[in-house]
1. Considering every residue within the stretch 65-78, establish whether at least one is crowded, with 17+ Cβ neighbours inside 10 Å, modelled with pLDDT of 95 or more, of a type in the set (D, E, K, R) and farther than 18 Å from M32 by Cβ.
2. Among K138, K35, which is free of Cβ contacts under 8 Å to residues at least 12 places away in the same chain and open to solvent by 40 Å² or more (accessible area, probe 1.4 Å)?
3. Is it the case, given these coordinates, that G62 is surrounded by fewer than 17 Cβ atoms within 10 Å (Cβ to Cβ), at pLDDT below 95, out of contact with any Ser or Thr (no Cβ under 6 Å at 6 or more places or on another chain) and not in a strand (DSSP E or B)?
4. Under 6 Å between Cβ atoms, which residue pairs at least 6 apart in sequence (or on different chains) link something in the stretch 83-105 that is over 23 Å from V127 (Cβ atoms) and at pLDDT 95 or above with a partner that is open to solvent by 70 Å² or more (accessible area, probe 1.4 Å) and not acidic (D, E)?
5. Regarding Q97, is this residue part of a loop (DSSP other than H, G, I, E, B), of a type outside the set (V, I, T) and under 15 Å from V56 (Cα atoms)?
6. Among the residues of the stretch 34-71, which ones are among the acidic types (D, E) and under 19 Å from W83 (Cα atoms)?
7. Considering only residues that are in contact with a His (Cβ under 8 Å, 6 or more places away or on another chain) and either open to solvent by less than 10 Å² (accessible area, probe 1.4 Å) or closer than 18 Å to T135 by Cβ (or both), which ones fall in the stretch 84-120?
Amino acid sequence: MVRRTVTGAVIFALCAISGWVFGQEASDRAFMGNKVTPIIKADVTGAPTKQVIANVYEVPAGSVVPRHFHHGDEFHYVLSGEWAAEVEGRPTRTLKQGEGQHVENGRWHGGKVIGDTPLRLLGLMIVDKDQPITTMVK
């Protein structure tokens, strides 16, 4: 009886872990071909449930950034290239080098790189620590 219980628990744990891993892989596949360079991840002083995350995203010309959202605000600044930026509730906007935007907590966003130059984008997020950093929109 103990052996069956242990075997069952091991099988359950493996299934749970593989589900988590495959879920992560599905999210990662959505961003395939895009390079993310982490710059900083730190707690926000005076806000124990928040963290600040800064990344540089490199997206090949013609590629799409799939719709997703964060549990917090995100600020984008285009370092190079052009991007047809989509934000829930707003018209699509072309962002060029030196331009930026603010995406409020919970709004989905994404877009497509336009032109022949890859997009390099600085993303700065202030997000809830107890939530996933990125959630895909179906």
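1. yes
2. Exactly one residue qualifies, and that residue is K138.
3. Yes; evaluated as a whole, the condition is true for this residue.
4. A84/T92; A84/K112
5. It is true that Q97 is part of a loop (DSSP other than H, G, I, E, B), of a type outside the set (V, I, T) and under 15 Å from V56 (Cα atoms).
6. Across the stretch 34-71, the qualifying residue is only E58.
7. A85, E86, V87, E88, L95, V103, N105, G106, W108, H109, G110
The values are calculated or read from the model by the stated rules, or taken from the named source; none is laboratory data. This one's a predicted model, so the numbers in the text were calculated from it and none came from an experiment. Quick reminder, even Gly has a Cβ in these numbers, built from the backbone with ideal geometry, and neighbours come from all protein chains shown. Protein only, heavy atoms only, side chains kept; ligands, DNA and RNA dropped before computing areas. Shrake-Rupley method; radii C 1.70, N 1.55, O 1.52, S 1.80 Å.
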